[in-house]
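Right, one structure below, let's go through it.
Each reported figure results from applying straightforward, stated rules to the coordinates on display, with no laboratory input. Nothing here was measured: the structure is a model prediction, and the numbers come from that model. Here the Cβ is made from the backbone with ideal geometry for all residues, glycine too, and neighbour counts use every protein chain on show.
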């Protein structure tokens with residue numbers, strides 16, 4: 001595999017590639033049983049009438065003048081009410097195993113940092129699985145810090161429906 005790579009914003013024609021990388025990430029994170037997003041779902045979230053995601057693709061030179069997909073990062077905006085500032089959340093980051101160690105992950109994260117600053121975001125954040133020590137070390141090497149005082153919580157499925165039913169009309 002050649003050393004050349006590039007990072008670019010995903011385009012509508014990349015919907016299948018985006019879906020495939022999200023699937024690969026789900027397998028890597030041992031959560032493929034939770035993946036229900038279709039290619040169409042992701043295409044709508046990225047390129048539909050009300051986009052909710054941004055995506056960057058990492059591509060490596062294929063040695064014949066073309067480019068092959070090698071990684072992806074997906075982002076969405078959030079908001080911090082305490083500071084009344086926008087933020088950017090890195091939802092997914094994945095680089096194919098054969099392309100790892102060449103700077104693609106760092107380049108994808110840096111692409112997101114530039115996107116955050118271009119949108120006036122005051123922070124850029126993400127989460128990492130506690131068992132993924134190589135990723136945690138990598139993020140620290142970039143200057144990122146873990147926030148142990150915050151514990152993720154989530155409502156889904158039946159619990160979400162049950163609570164929603166209790167909301168005042």
Quick shape summary for segment 69-157, equivalent ellipsoid via Cα gyration tensor, semi-axes whole Å in descending order, reads 22, 17, 13
Yeah, segment 107-164 with a ≥ b ≥ c from its alpha-carbon gyration tensor (a/c under 1.5 is rounded, else prolate when a/b outruns b/c, oblate otherwise) is oblate
Mean separation of Cα contacts under 8 Å (at least 6 apart) over the residue count of segment 24-91, i.e. the relative contact order in percent, is 18
The relative contact order of segment 5-165, taking Cα pairs under 8 Å that sit 6 or more residues apart, comes to a percentage of 17
Ranked output for segments 19-26, 158-165 by mean other Cβ atoms within 10 Å, highest leading, reads 19-26, 158-165
Among (1) 20.9; (2) 17.6; (3) 18.9, the entry matching Kirkwood radius over Cα pairs in Å as calculated here is (2)
If 72, 151, 32 are placed from fewest to most neighbouring beta carbons inside 10 Å, the sequence is 151, 32, 72
